[in-house]
Amino acid sequence: MEALHTPAASLGALFAAAFLAATIVPFSSEAALFAVLRFHPEWTWTAIGLATAGNTLGGMTTYVLGRYFGTRKPLTQLERLRRWGAPALALAWLPLVGDGLVLSAGWLKINWLHAALWQAAGRLARYAVVAQGALL
């Protein structure tokens, strides 16, 4: 049981939780980050980095799905998102709305690198705020 509380196990579980939370699996990666930081506050920046990476990769999985399905059925209703483009993906961490933004970005074939970078920026900011709360 002690092995479950090691930094490696905690950080691995955090990465997996963050990845799954950014897909269609309803899961709270914030709670996972909070728990890891309560057990291992010395790993703050590593935990924030892994949560951001996992959550961004999970979001990019949704992006790829949108890109795949977008080639099969164009939706003109999504064209409004093109006005905001990749910067709108800084809000990809939002519950319910975020998955739709990322899926739409893929559907519209918004540049994948810009999509990943804007998602990562928004997710990093969110995790930094969560970490502040965990370390109080």
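Bear in mind that the values in this text are calculations on the coordinates, not laboratory data. Remember, it's a predicted structure, so these values are computed and weren't measured experimentally. Glycine gets a Cβ as well: all are built from the backbone with ideal geometry, and neighbour counts include every protein chain shown.
Observations on the model:
- Net charge of Cβ neighbours under 13 Å - reference residue 33; Lys, Arg +1; Asp, Glu -1: +2
- Compared with the alpha-carbon gap, the fully stretched path from residue 68 to residue 35 is longer by 8.3 nm at 0.36 nm per residue.
- Given the choices [x] 14.6; [y] 19.0; [z] 15.1, Kirkwood radius over Cα pairs in Å derived from the coordinates of this structure is entry [z].
- Between 0 and 90°, nearest 10: helix 7-21 axis offset from the chain longest Cα axis: 20 degrees
- About its Cα centre, the stretch 2-134 has a charge dipole of approximately 680 debye under the convention of +1 per Lys or Arg Cβ and -1 per Asp or Glu Cβ, with nothing else charged.
- Take every pair of alpha-carbon atoms less than 8 Å apart whose residues are at least six positions apart; their mean separation over the length of the stretch 2-134 yields a relative contact order of 29 percent.
- Using alpha-carbon coordinates, inclination of helix 112-134 to the longest axis of the chain, degrees: 30 degrees
- Rounded tilt (10° steps) of 97-107 against the dominant C-alpha axis of the chain: 50 degrees
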